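Everything on this sheet refers to the single structure shown next.
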Amino acid sequence: MKNKPVDAPHFSQLMKLVPDDTQQPVDWAKIWTLWPELPVLDACPQDQVHHGEGDAGIHTRMVVEALVSDDNWQRMEGQKRAGLFWAAVLHDVGKPGKTVHEENGRITSRGHSRLGAAIARRLLWQAEAPFNWREAICGLIEAHQLPFWLIERADPKRLAIRTSWQCLPEDLCIHAHADAQGRVCQDQEAIIDNVALARAIFEENDCLHQRFSFANDESRVAFFEKEDRDPHFAAHEAFRCHVTVMAGLPGSGKDTWLSKCRPEIPVVSLDGIRAETGAKATGNQGTVIQTAQDRVKEFLRKRQDFAWNATNISRNVRSKILRLLRDYGAHIHIVYIERSPDVLFRQNADRDAAVPLHILKELVRKLEPPELWETHQVSYVVDA
């Protein structure tokens, strides 16, 4: 079963393409042939007000060249250095899918940062890049525009704290500075000044070099839920029950993990309910979901520990079950399982109810691993 493009690059190849110093030129000829998503940037127009340099391909090259000439980047070592390099290469990879020509002649690409993070995640997963390294890159891509306008927001302090749990602000500001330099526009100096001010805001709130430190897990979760929550408030932790929420693509091994690591607790499983009722995974899921929610609420009312087993691969999907569990005062532990492409597709094919290949590939495109700001605890079970 074909699980990834035959000519997809491997992580080791990506590392070799990172320049060792400013004397080594960026090998654009090789980089631009790694993925078909890169040459498309050369045909992606940009708004002339913000990007007088031309298309997204020109801009990307300018940003990378600005990054590799930055003293801060040059002082970095190893995978951290490589991570910022590939974040710069891929930072606008979502633009072609979000570019819109407005009636007034302007060009916009709203939403390209989040789409770009999803595309980068898929490409780097196929390259078998280390999980933490890959997710750090995706976090930078998703937030890469934030330093441009952080100072202009109504509550920049709150946004700075939130951002520190999505990516490392110091790296974000280094990237944003290169992004500002890698363009032609009349307000370039103002953008660069805004990036410097964003860095100062992160530093003032003690979250430039690390995540903002909350009093406890509940304080963190409540802060991300409530717009008026004081980040320094120490929330009382008195949970009614503990719920394990599984997350991962079909075939990743969620059932196996539960049977080995949580054999003592009952499991609410969408696959299990389908097996009980004979419902098809590709049919209407209303009855299946309603049955699952009824069982979840029963356990919550009893204050009984249990596990919720479903794919839960996107934030929007997870947020619904997490909201329900929060309403009942549960402590939530998300266990995310991820396998390499070869292992995932093989394990899915070996299942009794294998997910069709085209559907599984579409799910890969939608993948958003859970982050620590979403809940009390997250465990990542990934291939070495």
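Condition check: in a loop (DSSP other than H, G, I, E, B) and basic (Lys, Arg). Does residue 280 satisfy that? Spelling it out, residue 280 is indeed in a loop (DSSP other than H, G, I, E, B) and basic (Lys, Arg).
Take residue 365 and decide whether it is farther than 21 Å from residue 255 by Cα, open to solvent by 60 Å² or more (accessible area, probe 1.4 Å) and free of Cβ contacts under 8 Å to residues at least 40 places away in the same chain. Considered against the rule, which asks whether it is farther than 21 Å from residue 255 by Cα, open to solvent by 60 Å² or more (accessible area, probe 1.4 Å) and free of Cβ contacts under 8 Å to residues at least 40 places away in the same chain, residue 365 comes out as no.
Determine which member of the set 301, 295 is open to solvent by 70 Å² or more (accessible area, probe 1.4 Å), more than 30 Å from residue 8 (Cβ to Cβ) and touching a strand residue (DSSP E or B) at 6+ places or on another chain (Cβ under 9 Å).
On the way: 301 fails: touching a strand residue (DSSP E or B) at 6+ places or on another chain (Cβ under 9 Å).
After ruling out the rest, the residue left standing is 295.
Taking the stated definitions as given, is residue 46 open to solvent by 20 Å² or more (accessible area, probe 1.4 Å) and not small (Gly, Ala, Ser)?
Details: open to solvent by 20 Å² or more (accessible area, probe 1.4 Å): no; not small (Gly, Ala, Ser): yes.
Against the criterion (open to solvent by 20 Å² or more (accessible area, probe 1.4 Å) and not small (Gly, Ala, Ser)), residue 46 does not qualify.
Quick test for you: out of 94, 83, 111, pick the one residue that is in contact (Cβ under 8 Å) with a residue 60 or more places away in the chain and among the small types (Gly, Ala, Ser).
Values: 94 fails: in contact (Cβ under 8 Å) with a residue 60 or more places away in the chain; 111 fails: in contact (Cβ under 8 Å) with a residue 60 or more places away in the chain.
Going through 94, 83, 111 in turn, the sole match is 83.
The combined condition, being of a type in the set (Gly, Ala, Ser) and either surrounded by fewer than 15 Cβ atoms within 10 Å (Cβ to Cβ) or within 24 Å of the chain's Cα centre (by Cα) (or both), is not fulfilled by residue 279.
Hey, any hits in segment 214-237 for a residue that's closer than 30 Å to residue 357 by Cα and either open to solvent by less than 80 Å² (accessible area, probe 1.4 Å) or assigned to a loop (DSSP other than H, G, I, E, B) (or both)? Talk me through it step by step, then tell me what you get.
Step one: list which residues in segment 214-237 are closer than 30 Å to residue 357 by Cα, which gives none.
No: segment 214-237 contains no residue that is closer than 30 Å to residue 357 by Cα and either open to solvent by less than 80 Å² (accessible area, probe 1.4 Å) or assigned to a loop (DSSP other than H, G, I, E, B) (or both).
As an exercise: evaluate residue 196 against (1) buried (at least 23 other Cβ atoms within 10 Å of the Cβ); (2) over 17 Å from the mean Cα position of the chain (by Cα); (3) under 24 Å from residue 77 (Cα atoms) and give the number of the one condition it does not meet. Exception for residue 196: condition (1).
Of 228, 217, 271, all but one fail to be at pLDDT below 95 and touching an Asp or Glu at 6+ places or on another chain (Cβ under 8 Å); the exception is 271. Quick one: would you say residue 42 is out of contact with any Leu (no Cβ under 9 Å at 6 or more places or on another chain), of a type outside the set (Val, Ile, Thr) and at pLDDT 95 or above? So residue 42 passes the test.
The condition of being open to solvent by 60 Å² or more (accessible area, probe 1.4 Å), closer than 30 Å to residue 48 by Cβ and of a type in the set (S, T, N, Q) does not hold for residue 210.
Among the residues in segment 5-19, are any closer than 30 Å to residue 358 by Cα, at pLDDT below 95 and of a type outside the set (A, V, I, L, M)? So far as segment 5-19 goes, yes, one or more of its residues are closer than 30 Å to residue 358 by Cα, at pLDDT below 95 and of a type outside the set (A, V, I, L, M). Restricting attention to segment 317-331 and to residues that are at pLDDT 95 or above and either farther than 23 Å from residue 222 by Cβ or open to solvent by 20 Å² or more (accessible area, probe 1.4 Å) (or both), the residue that is nearest to the chain's Cα centre (by Cα) turns out to be 319.
Can you tell me which residue is most open to solvent (accessible area, probe 1.4 Å) among those in segment 151-189 that are outside any helix (DSSP H, G or I) and more than 30 Å from residue 219 (Cα to Cα)? Talk me through it step by step, then tell me what you get.
To start, the set of residues in segment 151-189 that are outside any helix (DSSP H, G or I) comprises 153-155, 164-168, 182-187.
Retained after the next criterion (residues that are more than 30 Å from residue 219 (Cα to Cα)): 182-187.
Working: 182: 1, 183: 22, 184: 77, 185: 25, 186: 193, 187: 63 Å².
Across segment 151-189, the extreme among qualifying residues is 186.
Among residues of segment 10-34 that are under 14 Å from residue 64 (Cα atoms) and surrounded by 16 or more Cβ atoms within 10 Å (Cβ to Cβ), none has a beta-carbon under 8 Å from a residue that is aliphatic (A, V, I, L, M) and modelled with pLDDT under 95 at least six positions away or on a different chain. Annotation: of all residues in segment 35-47 being assigned to a helix (DSSP H, G or I) and in contact (Cβ under 8 Å) with a residue 40 or more places away in the chain, the one that is farthest from residue 125 (Cα to Cα) is 43.
The values are calculated or read from the model by the stated rules, or taken from the named source; none is laboratory data. All values derive from a computational prediction rather than experimental measurement. Backbone-built Cβ (ideal geometry, glycine too); neighbour counts: all protein chains shown. Remember, those area values only see protein heavy atoms, side chains included, never the ligands or the DNA or RNA. Shrake-Rupley method; radii C 1.70, N 1.55, O 1.52, S 1.80 Å.
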